[in-house]
1. If you stretched the chain out fully between B:Trp113 and B:Ala32, how much longer would it get, using 0.36 nm times the residue separation minus the C-alpha to C-alpha distance?
2. Restricting to DSSP H runs of at least four residues, report the calculated mean residue ellipticity at 222 nm for chain A, -39500 (n - 2.57) per run over all residues, nearest 500 deg cm²/dmol.
3. Taking Cα pairs under 8 Å and at least six residues apart, what relative contact order does the stretch A:28-72 come out at, in percent?
4. Determine the sum of side-chain charges near B:Val80: Lys and Arg each +1, Asp and Glu each -1, restricted to other residues whose C-beta is under 12 angstrom from that of B:Val80.
5. Considering every residue in B:47-55, what mean count of other chain Cβ atoms within 10 Å of its Cβ is obtained?
6. With a 1.4 Å probe and all protein chains left in place, how much accessible area per residue does the stretch A:61-119 have, in Å²?
7. Excluding ligands, DNA and RNA, what is the solvent-accessible area per residue of chain B at a probe of 1.4 Å, expressed in Å²?
8. Is there a simple number for the mean count of other chain Cβ atoms within 10 Å of the Cβ of residues in B:158-166, and what is it?
Amino acid sequence: MAATNPSVFLLTVNGQIEGATFPEYDNLYCKYCFVYGHDWAPTSGLEEGITQITCKGSQSSHRLIWNFPLETTFKSTNPSGWPQLVVSVYGPDVFGNDVVRGYGATHIPFAPGQHTRTIPMFVPEPTWKLQKFTSWLLGRRPEYTDPKVVAQGEGREVTRVRSQGFVTVSFHIMTKDMKKLGYDTGPSSPTHAHSATSGWSTEEQPYKV
Amino acid sequence: MAELHIIGQIVGGSGFPQTSLFCKWGVHTGGAWRLLSGLKEGQTQVDIPQTGDMAYWSHPIDLHYATKGLQGWPKFHLQVWHQDSFGRCQLYGYGYCHVPSSPGHHRISCVTWRPLGSWQEQMAQIFVGGGPQLRSPDLVYSGADRYRLHTEAMGTVELELGIITRHFDKYGVES
């Protein structure tokens, strides 16, 4: 049944949003969605979701765990617009309002194999001190109207943000028919290939697959 | 025609005198290359990290090139700027790096430098800010006439780039 001349290739993403590191905040939940270009379409699995609310354990002081599954398959004719995972983290502030604690995005890896990504999280920052104080008091922080903006490059030059945490996501990637269409994505990753983007990635590694 | 996809992000910058940084970036190619989709230049957001020294931009890059030749392989040129609380911008560094030529995932640290003025200009820079800038930014990625410059070292910019090539083996190119 295999087509000798395929016109589309498939990308299968199995993974999990493992957890997050936010030194100053607790009781957080995470919303995720996939953003992709015009040539892409999801064929199975969910495109977006919300995790549970988690708090820091007694052992590890900074680490929050979600262990949230991701299982999606995409098809496309063109690697342009490669899917990105957009993650937004929310939590309660001192007065009990639900405020945003970070936005972040990363491209889905394209080499088959296992990958771990540490995504830095940032929030839009009010430009002057009075606005910071009133937004803290009223619980109405600056937010993006559509979190998918985080996955785009245009229009960012006017925003000021503060980075304040990291989310760790692990992926297992499989592709089908990319080689038949002539694409070379490089060597498959060796197992446990870590790509920590920060000097302070998680201190412990308790959840090896 | 052979095709090249550059998919990744400008992660962030560290090692600069202050945080609250943004980066203006662009990709320069030779005449044989044609951009099929994606933006080849842009400006990141301004990031003020809460802790630590590294400013994170996570600026996505998704470029699709078609090419007839290997000359003029794409290169990134960057300018790192600092924005203070009043909105004034000051140059913190120029840098460039070649896009990797082998398919796969790459982490690149791009080093940056800043032109150094006379000692009077350096003294003024401590108090007032500012400082000399290049008149034409092409000097960042070309070697001609560099010998006239006196520069000082600044921080590094981290990039994570994934490269996908297509039909390179058909043309006999090994990478």
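The values are calculated or read from the model by the stated rules, or taken from the named source; none is laboratory data. Everything quoted here is computed from the prediction, not taken from an experiment. Heads up, the Cβs are rebuilt from the backbone with ideal geometry, glycines too, and the neighbour counts pull from every protein chain shown. Protein only, heavy atoms only, side chains kept; ligands, DNA and RNA dropped before computing areas. Shrake-Rupley method; radii C 1.70, N 1.55, O 1.52, S 1.80 Å.
1. Working: separation 81, 0.36 × 81 = 29.16 nm, distance 2.96 nm.
That pair, B:Trp113 and B:Ala32, stretches by 26.2 nm at full extension.
2. Working: 1 runs with 10 residues, N = 209.
Theoretical 222 nm ellipticity from helices: -1500 deg cm²/dmol.
3. Numbers: 48 pairs, mean separation 18.1, N = 45.
The normalised contact order for the stretch A:28-72 reaches 40 percent.
4. Around B:Val80, the charge tally is 0.
5. Values: counts 8, 7, 6, 10, 6, 5, 1, 6, 5.
Mean shielding by partner chains, rounded to a whole number: 6.
6. Accessible area per residue: 27 Å².
7. Details: 8170 Å² over 175 residues.
Per-residue value: 47 Å².
8. On the way: counts 2, 0, 5, 0, 9, 4, 10, 5, 8.
The mean count of partner-chain Cβ atoms within 10 Å per residue comes to 5.
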